[in-house]
Amino acid sequence: MPDSLIKQQYQSLYTLLAQYHKTPLPNDIVQQTLNFNNQLLSAIKQHPELIFAQIHLYKSSLAHTYNVAFSTCLFTALICIRNRFNETTTLQLMCAAISLFAFDAPRKTKPTTPESVAPKHQLNKAFCRMLTEYQQAVWLRGYRQVQWLESDLKQHLKHLSNTSADVTVLVIAARLTLLLHQQNSKTPLSFPNALRQIIQNTPGTTQSLIEPLMSYPGTAPPGVFVMIEDGSLAIVVAVLEGSVLCFPQHSAQRPSTHTTYFSVDIEHIKRIYPAQALKQLSKMHTWWGGAWQQQVQEATTKPLSPFTQSYKMDRPPATLVAIQSQLNKPVQDIKKLSTAVAREPSFAQHLRQTATQSSRQKLPMKDIQHGLMMHGFERSGSIIMQQALLSRLNQHYFPLQHAFINFVQLRGHIASALAKAADLGIPEQACTLAYFASVGLFIHTQLKIQTQWRKADTNTYDMASLIRCVKPDQLRIHPVSMAQAWQQPRHEIVALKHYHEAHYLDENTPNASVKLAALLGLSLIIARELYFSTSPLCVQSQQYWQSASKVLKVKEQELNEIKQQAYSICHSYSPV
């Protein structure tokens, strides 16, 4: 039942916000807030239209604080989902959205008192200390925006020009909500007008975060009341391609010719109303109940989803598997291989671009077959594997994502140069292996909520010391699991398992696995030195450096040249 689901969400919110007004704050307030938003996000996944519609349906029986906190939380989730944020990061920002208003005293809806009388938003220092203690860095960074809520809209949005994407999303969500549910006798704005104000006052660098809202939910999102060209009224219940699905609202003054769900093109909507007060939750059943479910099942045009397709990290793309199967055949059929590559446009484009860069005259490579012949089959396989892996690692935003991508690409370039200097197979394959060795940065859950890269300066050949986090051994484990899932060669998996063990290089004959292990350790040491401008190596790292250089038979002069070349080509920098 839609009405009971929404009632349950508000009851949970009421219980949660009551905890914020206790003195002292409960020790589990952080976990309670995470649990609430986890359940809310699950409800969004199952019923996106119903849940997101609550933004525009003001519950007049509830205090204004509950309406604003819930709507800000939903707006935050919506913008995060549309911008492909990592789910752990999204949950942190939803929690921050709740806490922006959680310490406000519940007031009856929309007071008419002057602004000077309204309570000011201030940081709760005890709560900040609690978030710091529990290492909720993204949440804390977002919650600090509470100090700006009383400031002028233009001033606040101008402040976003040098702000991270996660904080920007939260600010946009909060400001949109405050415009939709304005207090102090100000007239609330309709969603298109509120969005227009945000866009007009937002720095150009941040407008890319708003752009995905144009396709979903568009200017007439679920939950808004609209006037059609014939003068009749309706509520939008879902978004379609170029149109919206509506349910008629009958009145004596504005009768409707429709009796059930109907679609209307956006250009035929005459007016979009501001958020309307909803006194009876039972109306939810009329709009999104059993009849709605039947409508969706029987309709030929399905409602648009706010979610974009995500790909599992532990499963290689089907197109990549097909390409690899063609490459593994004793005799390759270039036509079949070209067809397999063409099925994934990003693979085809990347192959053509890299082939163009490899050609002496830098002539544009338009044909996939020419690209395959330019690279050779084995090198082409490695290049496509790199593209597939990076697209998986880079598909969801989190605060340190860009820094991690920079570092991984730097390490990959160094590994490629080391393989070339040591005459160790195809350089591109070494680069791919270095990417696999770094996947833990993108899989470890805690790294999705960190905003600063804090490292240790010992054992610089070991991923476990690359960034301080709980369970750092997972940074070693995830690459092995990922390489196995992606069916990488056994000797490469062995290298991934053991390269962080200093004695492994000394106690084993320099076979393929040992050489690759040395390459992985050296590439990590050099990448860290360049990226962080680190101090001299610790004793263990110096010993590893010497052992790895000996295994690869690479001279100190060659290593220095690799450093200089990597530094000039990659232009990576540390955010620390």
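Where only protein heavy atoms count, and the probe is 1.4 Å, what is the accessible area per residue for the chain in Å²?
Ligands and nucleic acids excluded, the result is 46 Å² per residue.
Accessible area per residue (1.4 Å probe, heavy atoms of protein chains only) ranks ASP506, ASP3 as ASP506, ASP3, with the largest value leading. Distance from the Cα centroid of the range 408-460 to that of the range 195-219 is 35 Å (rounded to whole angstrom). Could you state the angle between the C-alpha long axis of helix 345-358 and the longest principal axis of the C-alpha atoms of the chain, as a value from 0 to 90 degrees rounded to the nearest 10? With rounding to tens, the tilt is 40 degrees. For SER263, the residues whose modelled amide H falls within less than 5 Å of its own, excluding neighbours fewer than 5 places apart on the same chain, are CYS246. In this structure the amide hydrogen of TYR397, modeled in the peptide plane, comes within under 5 Å of the amide hydrogens of PHE85, ASN86, none closer than 5 places in sequence on its chain.
Give me the net charge of LYS563's neighbourhood, meaning all other residues with Cβ under 12 Å from the Cβ of LYS563; Lys, Arg count +1, Asp, Glu -1.
Cβ neighbours under 12 Å give a net charge of -3.
When the pairs LYS279/LYS302; LYS515/LYS555; LYS448/LYS471; LYS7/LYS279; LYS312/LYS448; LYS312/LYS336 are compared against a 19 Å limit on Cα-Cα distance, LYS279/LYS302; LYS312/LYS336 fall above it. Each residue of the range 305-321 is assigned a 3J(HN,Hα), and the resulting list reads 9, x, 8, 9, 5, 10, 10, 5, 5, 8, 9, x, x, 4, 5, 5, 4 Hz, derived from the Karplus form 6.51 cos²θ - 1.76 cosθ + 1.60 (θ = phi - 60°), x at Gly and Pro. Here's how it looks for SER60: its modeled amide H is under 5 Å from those of LEU278, which are all 5 or more places away or on a different chain. The range 287-304 and the range 534-562 have Cα centres lying 64 Å from one another. With a 1.4 Å probe and all protein chains left in place, how much of the accessible area of the chain comes from carbon and sulfur atoms, in whole percent? Ligands and nucleic acids excluded, carbon and sulfur reach 50 percent. Per-residue 3J(HN,Hα) values for the range 531-537, derived from phi via the Karplus relation 6.51 cos²θ - 1.76 cosθ + 1.60 with θ = phi - 60°, read 6, 9, 6, 6, 6, x, 5 Hz in sequence order (x marks Gly and Pro).
For ASN162, the shell of other residues with beta-carbons less than 15 Å away shows a net charge of +2, using +1 for Lys and Arg and -1 for Asp and Glu.
Placing +1 on each Lys and Arg Cβ and -1 on each Asp and Glu Cβ, with no other charges, gives the range 189-308 a dipole about its Cα centre of roughly 420 debye.
Computed with a 1.4 Å probe on the full set of protein chains, the accessible area for ASP28 sits at about 80 Å². Report note on the peptides 229-238, 34-43: ranked by the mean count of other C-beta atoms within 10 Å, highest first, their order is 229-238, 34-43. In percent, rounded to a whole number, the relative contact order of the chain is 12, using alpha-carbon pairs under 8 Å and six or more apart.
Peptide packing: for 53-59, 198-204, 499-505, 409-415, the average count of neighbouring Cβ atoms within 10 Å per residue gives the ranking 409-415, 53-59, 499-505, 198-204, highest mean first. Residue-wise HN-Hα couplings along the range 372-388, as the Karplus relation 6.51 cos²θ - 1.76 cosθ + 1.60 with θ = phi - 60° gives them from phi, are 4, 6, 5, 7, x, 5, 5, 5, 4, x, 5, 5, 5, 4, 4, 4, 5 Hz; Gly and Pro carry x.
The values are calculated or read from the model by the stated rules, or taken from the named source; none is laboratory data. This is a predicted model, so every value here is computed, not measured. All Cβ positions, glycine included, derive from the backbone under ideal geometry; neighbour counts span all protein chains shown. Ligands, DNA and RNA are stripped out before the accessible areas are found, and what is left, the full protein with its side chains, is counted by its heavy atoms. Shrake-Rupley method; radii C 1.70, N 1.55, O 1.52, S 1.80 Å.
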